[in-house]
Amino acid sequence: MNIFTEKFKEVLFSVLPISIVVLLFHFTLTPLGFPLMIRFIIGSGLIILGLTLFLIGVDLGISPLGDLTGHSIAKSNKLWIVIAAGLILGFFISVAEPGLIVLANQVSNITAGQLSSPALLITVSVGIALMLALGFIRIVYNIPLYILLLVLYGFVFALSLFATSEFITIAFDASGATTGVLAVPFILALSAGVSNLKKDRKASEKDSFGLVAIASVGAILSVLLLNLFSDPGELSGSIETTVYESDRLLRPFITLVPGMIKETVLSIIPLVIILLILQKFTFRLKKRDFVRVIKGFMYTFVGLLIFLIGVNGVFMDVGSVVGSQLAFRDNLLLIVFIGFFLGVTTILAEPAVYVLTQQIEDVTSGYVKREAVLVSLSLGVGFAIALSMLRIMIPAVQLWHYLLPGYIIALALTFIVPKLFVGIAFDAGGVATGPMTATFILAFTNGVADAAVDASILIDGFGMIATVALTPIITMQLLGLAFKIKTGKEGV
């Protein structure tokens, strides 16, 4: 099977469940109208093609860059190089992450530019860069992951006391959205390379997880600090969905092309520059290998461009319409059940989940089966989206009612579960929030919040990604605890 066929099947099974669900809704609960439905079919095709090309590019170009850089850092054995690499690579890999780009655009659109997409992208990317450098330092100096996470989340909750509700939801959502199909493979590759600095194989295996978790905290801290040290004014907003006539179905996609080309160039070019510099001074790859990596970057560029056009051209509109029509029915049990169903469907479709589950099975030598991980993740994410629907429909329930006790439980579990599972669990929280969650489910949640009585789209419509990122941390650590009880082992 060639790489295109393999990735196409992977992406097809990612997008198909959501497409089938939308079609079922169209003919039952939430009729979309002919023009929007046809646009959705076209957009789904663009997303499938775009993600296929993008993931091929990640395999051929992005992951090798991460792996080569990680090994180069390990060979240098110099702390300043480790820190500089974390800062530079963390920033540019975050800027290029599709999930974060989608979230930033959605926030900018809903707030009518009060919190602009570039401002949010740069703020989050700076936070990711700082935390990635800190994660490298942790590996070098053997700082226990659970201790570092306790300290970092202590800062998060302290800053949350001074932040507005809108910024808290955006901050935690940014944390989940930034660890998607681009960042996760790249960071995992970097982590594996830097972990080679250690001669202890077991310590190296444990440190191959956890870097995604540390990096994602940077997104939360940076947005909360933005709220503390800037005054964007009171954020407000609403959703606007444009319905085009049937003879203009391609117009929303065509009009997006110039802007999306600019956005994609700004995302990918910095990584290409880094590759060219490192190739000249460090990698010195053979011509054939170097051409392969460059080809990977070309696939990444074209794939990201097509993906963003598909998402912004229709996926966000359809998600919003489906969510708002369900909210108008004012049936709490129905909305909560659909939220749970969408959560289970979505997590089984996320490409990055399969990368992580395979790595978990490999690192644990088959002790932890990927099926057990998938069940734990799917139940956790289904439960998370159901809770998000409950929060929107019941005004008295707020995001911190979930996050505060949730993270207290998650951090408390770090003291009793095998330490390998701590890193796995926090990384799982990151990969659970991939392109499907950051696009359709985010728009669906925004739509429910926009139509629900007494709900605020900025306070209630966001925060879903944050809840999705939290629940797998708990369910995966509970899986680790079950593993510990069953085998009597502290680690694997």
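The values are calculated or read from the model by the stated rules, or taken from the named source; none is laboratory data. Note that this is a predicted model, so its numbers are computed, not measured. Note that we place each Cβ from the backbone using ideal geometry, even for glycine, and neighbour counts take in every protein chain shown.
Within segment 135-164, the set of residues being surrounded by 18 or more Cβ atoms within 10 Å (Cβ to Cβ) and either over 22 Å from Ile424 (Cα atoms) or in contact with a strand residue (DSSP E or B) (Cβ under 9 Å, 6 or more places away or on another chain) (or both) comprises Leu159, Ser160, Ala163. Looking across Val124, Val107, one residue alone is in contact (Cβ under 8 Å) with a residue 12 or more places away in the chain and under 23 Å from Ser63 (Cβ atoms). It is Val124. Residues in segment 17-30 that are surrounded by 14 or more Cβ atoms within 10 Å (Cβ to Cβ) and out of contact with any Lys or Arg (no Cβ under 8 Å at 6 or more places or on another chain): Pro17, Ile18, Ser19, Val21, Val22, Leu23, Phe25, His26, Thr30. Could you tell me whether Asp247 is modelled with pLDDT of 85 or more, over 26 Å from Asn105 (Cα atoms) and among the charged types (D, E, K, R)? When the stated conditions are applied, Asp247 does not pass them. Against the test of being under 16 Å from the mean Cα position of the chain (by Cα) and modelled with pLDDT under 85, the options Thr179, Thr164 yield a single qualifying residue, Thr179.
The single residue among Leu49, Leu68, Leu79 that is in contact (Cβ under 8 Å) with a residue 40 or more places away in the chain, surrounded by fewer than 17 Cβ atoms within 10 Å (Cβ to Cβ) and out of contact with any Asp or Glu (no Cβ under 6 Å at 6 or more places or on another chain) turns out to be Leu79.
Being among the polar types (S, T, N, Q), more than 21 Å from Lys486 (Cα to Cα) and in contact (Cβ under 8 Å) with a residue 40 or more places away in the chain is a description that does not apply to Ser376. Which of the following residues is closer than 27 Å to Val318 by Cα, at pLDDT below 65, more than 17 Å from the chain's Cα centre (by Cα) and exposed (fewer than 14 other Cβ atoms within 10 Å of the Cβ): Glu234, Glu240? Of Glu234, Glu240, the one residue that is closer than 27 Å to Val318 by Cα, at pLDDT below 65, more than 17 Å from the chain's Cα centre (by Cα) and exposed (fewer than 14 other Cβ atoms within 10 Å of the Cβ) is Glu240. Consider segment 182-208 and keep the residues that are over 22 Å from Phe54 (Cβ atoms) and among the hydrophobic types (A, V, I, L, M, F, W, C). The one that is modelled with the lowest pLDDT is Ala203. Given the residues Tyr141, Tyr153, Tyr146, which is the only one that is at pLDDT 85 or above and aromatic (Phe, Trp, Tyr)? The conditions single out Tyr153.
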